[in-house]
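The values are calculated or read from the model by the stated rules, or taken from the named source; none is laboratory data. Everything quoted here is computed from the prediction, not taken from an experiment. A quick note on method: Cβ atoms are made from the backbone with ideal geometry, for glycine too, and the neighbour counts reach across all protein chains shown.
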Amino acid sequence: MSNLVKPKFGKRQLKGRPFGLILVILAWSLAMGWLLSFATSAQGANPVSTIGTVDVVPAKYQLGQELYLENCSTCHIPLPPSVFPTETWKNLLQDSQHYGAQLKPLVDPPRLLVWRYLSTFSRTQLKDEETPYRLKDSRSFKALHPQVKLPSPVQVSSCVSCHPSAREYNFRSLSSEWK
């Protein structure tokens, strides 16, 4: 009867199996991690842009950003979308009168791409807040410049005095007096 109860495997054969199982799990985990990292980099997951914006712009919004810069920077320094609320950008895109100048309005699909970019990266408007159309009225602009003595009147062109690369849409680099 003792032969019926004896295990088929000896103690020696069981000693190496847990270690081997751990090695297989470790190798599988490393392989899956490597494959996932390869897959996400192959799909172009947020390449670092040469534009010095504050926000990293995902690939699906980059064409909208490029169209925004192409259309707006021909006349003035393009402002980061977060400076104004979404309502301001919506009104600006729909209006052919742009701060006293008659503009040819954007048409679809470029208008939709620019709108997606601006609406995604702009801020929300408070319920009791009036829709700002000038920098001096922007709550976000004031919050970003708390102790800065701003020129009067505040104009988009005056951004270059503190942000020398603002024309290249880089508001991160500051003039030597602010470093």
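Cβ-Cβ distances below 8 Å connect the following pairs, each with a first residue in segment 85-96 that is charged (D, E, K, R), a second residue that is buried (at least 18 other Cβ atoms within 10 Å of the Cβ), and a separation of six or more residues or different chains: K90/W115. Among the residues of segment 143-173, the ones that are in contact with a Cys (Cβ under 9 Å, 6 or more places away or on another chain), surrounded by 13 or more Cβ atoms within 10 Å (Cβ to Cβ) and of a type in the set (A, V, I, L, M) come to 1 in all. Comparison of E66, E70 shows that the only residue that is loosely packed, with under 13 Cβ neighbours inside 10 Å and among the charged types (D, E, K, R) is E70.
When the helices (runs of 4 or more DSSP H) confined to segment 1-115 are screened for residues that are modelled with pLDDT of 85 or more, those reaching at least 3 such residues are found at 11-42, 59-72, 86-94. The set of residues in segment 118-160 being of a type in the set (F, W, Y) and in a loop (DSSP other than H, G, I, E, B) consists of Y133 alone.
Among the residues of segment 111-132, those identified as of a type outside the set (S, T, N, Q), under 14 Å from L93 (Cα atoms) and buried (at least 16 other Cβ atoms within 10 Å of the Cβ) are R111, L113, V114, W115, Y117, L118.
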